[in-house]
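Q: Starting off with a structure, shown below.
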RNA sequence: GGUGAGGUGGCUGAGUGGUCGAAAGCAGCGCUUUGCUAAAGCGCCGUACUUGAAAAGGUACCGAGGGUUCGAAUCCCUCCCUCACCGCCA
């Protein structure tokens, strides 16, 4: 959520910045400001009426303590009660309307985010390793040959978009998870967390999944709670409504959780295989920091995720996402794409985003700065990484033609063997 | 799920219808004094919204939402959460 004061003080700037994403967002600014204007007028009237009521009531109290008659005053207060009620209702509605409008305005892009209308304008900022194109088998065939997973039986249980990992295949995912978590906790200093998967509406609103993307989420109990689409939701909201001490920032959290997504907008896309699932595991990195730390923390967070791919000997590239392709709550994002030889393409396995105070304002997450003033924190998140696509890249990269899957060295300890025959 | 007790400022904790945004203590900040790693005294010390050029005002907030009342932290109702005990259960 953007700061309404920024919109009031410099609407031109806000419109310009939103236009970098898409001109349609600029048009929202005037609507918000019109509502803000009406809201403040109503609020001022309510406050004046209440002030008058408080004054009279206080007077009644004093008179009563002197055993004097107060009928006239009481009648006076009563006479404006109805009007006050109506105005309060108006004011409340306008407040809600303004919040709703504001919740649907995306974050402003970072000054360094490259301009561009769509994904084709994303910028490759670096790459690592050689994406060999040796006509490897597709991970579906490899998984079948090695006996790692079963899609047909998964569809009996849950329909399409689910997988059952079987035997060594299940163990391989567990090994990957343990490897990733140990890397982030022991080498990069993140605190490991085990988080709830069902969260309340306000929590989903805090990180920006609601209200705009409700159709992408799995709700339960008639929409009172939601299955988290990423641990970003639970981890970032962990300190919501709190005031942190500057000295404890940045906070660095990591959790591996199942993630649930309807993928309703992607019907038909990536239907086969592990690439787009309704449920998948993901190791998520979250940082909460002060504004001056945020740029640097995004760089290190991205590096922390990249390190995992390097240790697994998986070639990848890093894309800087342009304004037109930027996620709703992000001001700057680096995507990590791992090379999948069987697909002949790069797969997005991580999206590392800097969110400024956009989420923190929504969830009222603050810290006390050096002057003792409360200020909104900045939040960052990134995958480290999503499991299924990492799994695809691992299979397609390290399985020998008609041979075993040779595990990269760091994984062998976790898997308990050096290969899967 | 049942019963009971609770939810007040960064923390502890008083406050059962009127001048209470809320005592006191701790923590924090500032000053004074004395001085061996500190003590004592004094002062300051919530948040959000809003009016105003500013100075300075106003409104709201005592778990959430309703209600009673001229007036609610305080009374009533509903819900949520915490704690204790019981029941059930991985």
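Q: If you scan region A:209-226, which residues turn out to be at pLDDT 90 or above and either crowded, with 18+ Cβ neighbours inside 10 Å or not assigned by TED's automatic domain parsing to the domain that holds residue A:381 (or both)?
A: Passing the criteria: A:209, A:217, A:226.
Q: In this structure, is residue A:222 part of a helix (DSSP H, G or I) and at positive phi?
A: yes
Q: Right, here's the next one. Criterion first (within 10 Å of RNA strand B (Cβ to nearest atom) and either surrounded by 12 or more Cβ atoms within 10 Å (Cβ to Cβ) or at pLDDT below 95 (or both)) does residue A:68 satisfy it?
A: So residue A:68 fails the test.
Q: Is it the case that residue A:63 is surrounded by fewer than 18 Cβ atoms within 10 Å (Cβ to Cβ), part of a helix (DSSP H, G or I) and near RNA strand B (Cβ under 9 Å from one of its atoms)?
A: Answer is yes for this residue.
Q: When only residues in region A:98-139 that are assigned to a helix (DSSP H, G or I) and touching a helix residue (DSSP H, G or I) at 6+ places or on another chain (Cβ under 8 Å) count, which is surrounded by the fewest Cβ atoms within 10 Å (Cβ to Cβ)?
A: Within region A:98-139, the match that is surrounded by the fewest Cβ atoms within 10 Å (Cβ to Cβ) is A:119.
Q: State all residues of region A:71-94 that are surrounded by 13 or more Cβ atoms within 10 Å (Cβ to Cβ) and within 8 Å of RNA strand B (Cβ to nearest atom); if no residue qualifies, say none.
A: Matches in region A:71-94: A:73, A:74, A:77, A:92.
Q: Quick check, is residue A:32 within 14 Å of RNA strand B (Cβ to nearest atom), surrounded by 15 or more Cβ atoms within 10 Å (Cβ to Cβ) and within 26 Å of the chain's Cα centre (by Cα)?
A: Taking the combined requirement at face value, the residue satisfies it.
The values are calculated or read from the model by the stated rules, or taken from the named source; none is laboratory data. Everything quoted here is computed from the prediction, not taken from an experiment. Positions of Cβ are backbone-derived with ideal geometry, glycine not excepted, and every protein chain shown enters the neighbour counts.
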